[in-house]
Amino acid sequence: MYGVRSAFLDFIDDPFVVSPTESYRYLEDGLLIVEDGKIKAFGSYDHIRTDYPEIEIIDYSQRLIIPGFVDTHVHYPQTEIIASYGEQLLQWLEKYAFPGEERFKDPLHAREVAGFFFDELARNGTTTAVVMTTVFPESTRVFFEEAQSRNIRAIAGQVMMDRNAPESLLDNPETAYHNNKDLIKEWHNRGRLCYTITPRFAITSTPEQLEVAGQLKREFPDVYVHTHLSENQEELVTVSQLFPECKDYLEVYEKAGLVGDRSIFAHGIYLSNSEFKRLSEAGSAIAFCPTSNMFIGSGLFNLKEAKSPAHPIAVGLASDVGAGTSFSMLKTMSAAYKVTQLQKQTLSPLPAFYLATLGGAKAIHLDSYIGNFQIGKESDFIVLNWQATPLMAFRHPQHSIESVEKLNEILFSLMILGDDRSIDATYIGGNLAYRNPDYMTW
Ligand SMILES: [Zn+2]
């Protein structure tokens, strides 16, 4: 058992529903008690310390501790093709993503990239991730093994593709069924790991394969579904040609029984009102991937519409590496802010940090385990330095956050100017997973 002393911020409600000022808790001098990877106590230092007078305290004064970030959509095999130049979605997949994924036939290669991927998540303060692997079952197995050895929360699954991709990356409905079934039995709900049925997107699966995905979902109702939806206009045209019987993109997944309350859809840029409504009714989630959407020129996600009271949808933030350009959820928030600005909307800092923590946890139905500092939850948390660069320190020279106005300003500075340099430490399940080598040099 140990305690951590610092300023703390977490969320207890949805700032898109209640007023942002009612959605969070801020403690200028707080104490978090951790025991066996769980949160044992949390409150003001003076109040909690009297109950635990003897325990060791780690002091992160002049820092801000928040729950670990949740990345609701990322591709680990695309780690090594990040920053690939000059194409939009369908050509980018052909030219960069597919050739990159072919190398994952080799489990040694898959393990090496998975290790780097998890190190990069920790360096950026991400403690939970929803991840696409590749079509090779071994690349999924290796991924889960590496996740398990780090005790990180990961939701992942083998990608299903049986058309419109290189021959070497195609499976078929039957092998997809058996491989996924084996992987579900091996990994779903094992420790902190969960399984997702993962048809890549409508273009790369035949109706027969989508049917098999739906069959798996019926057999294992508490596994997740994770796929892409309505990302790019050329994609939309191709989907309507491949599935002429469907009135819109979402219906392709609905027909296969893949739209439910554990379904996570990446992007959702070109959704109709009817699709928003149906997603809301189904309790499905959208992963908002702003750096990716701008980098490969897909378009602007309408966050305001997605959170509209008429059809509210659970939204999480997502890096979508390798079409996304950073593992940092701070940089992702910065991009999200710009995407909303371009649509005459404003994403203020508290809702942005909500999306990256409790909002993401709710979107993936893990909010009873992670997402804030409620007693009994798993202790994933990160230590933020709002003076991590000379410019950030110049912008906010003060060493404490004494008012709500200052908190908002510092959070905004972190989301606009911050990146991995602002993460001083990352704790996963109560254990130190990363410490910034520059920590304490100020
Ligand atoms: Zn993606």
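Odds and ends about this structure:
- Where chymotrypsin sites (Phe, Trp or Tyr not before Pro) fall in DSSP loop in region 289-395, at most 10 other Cβ within 10 Å: none
- Taking a ≥ b ≥ c as the square roots of the eigenvalues of the Cα gyration tensor, region 69-327 is classed as rounded, since a/c falls below 1.5.
- Here the chain exposes an accessible surface that is 51 percent carbon and sulfur, computed with a 1.4 Å probe and the other protein chains kept in place.
- Relative counts (whole %) of C-alpha pair distances in region 135-225, using bins that are 10 Å wide: 18, 51, 26, 4
- The mean of 1/r over all pairs of different alpha-carbon atoms in the chain, once inverted, gives a Kirkwood hydrodynamic radius of 21.9 Å.
- Here the gap between E102 and I375, fully extended at 0.36 nm per residue and compared with their Cα-Cα distance, gives a gain of 93.9 nm.
- Pairwise FRET efficiency - E145 versus K406, Cβ, R0 = 51 Å, nearest 0.05: 0.70
- Unit charges on C-beta of K, R, D, E only; dipole of region 1-81, Debye: 40 debye
- Evaluated at q = 0.11, 0.21, 0.22 Å⁻¹: base-10 log I(q)/I(0), Debye formula over Cα of region 61-169: -0.37, -1.14, -1.22
- In region 1-92, the chymotrypsin sites (Phe, Trp or Tyr not before Pro) that fall in loop regions by DSSP, at most 14 other Cβ within 10 Å: Y85
- Taking all protein chains together, H47, H226 sort by accessible area into H47, H226, largest first [probe 1.4 Å].
- Only Lys, Arg, Asp and Glu carry charge here, each on its Cβ (+1 for the first two, -1 for the last two); on that basis region 64-164 has a dipole of about 200 debye about its Cα centre.
- Formal net charge of residues neighbouring E35 (Cβ-Cβ distance under 14 Å; K, R +1; D, E -1): -2
- The residues of region 152-252 have, on average, 36 Å² of accessible surface per residue, using a 1.4 Å probe with all protein chains present.
- Net charge, K344 excluded, C-beta distance under 14 Å - Lys, Arg +1, Asp, Glu -1: +1
- Here r is the Cβ-Cβ distance between A310 and K38 and R0 is 60 Å; the resulting FRET efficiency, rounded to 0.05, is 0.95.
- This model, with +1 at the C-beta of Lys and Arg and -1 at the C-beta of Asp and Glu, gives the chain a dipole about its Cα centre of some 440 debye.
The values are calculated or read from the model by the stated rules, or taken from the named source; none is laboratory data. What you are looking at is a predicted structure, and each value in this text was computed from that prediction instead of being measured. Because the Cβ atoms are built from the backbone with ideal geometry, glycine has one as well, and the counts that use them run over all protein chains shown. Side chains included, ligands, DNA and RNA excluded: accessible areas come from the protein's heavy atoms. Shrake-Rupley method; radii C 1.70, N 1.55, O 1.52, S 1.80 Å.
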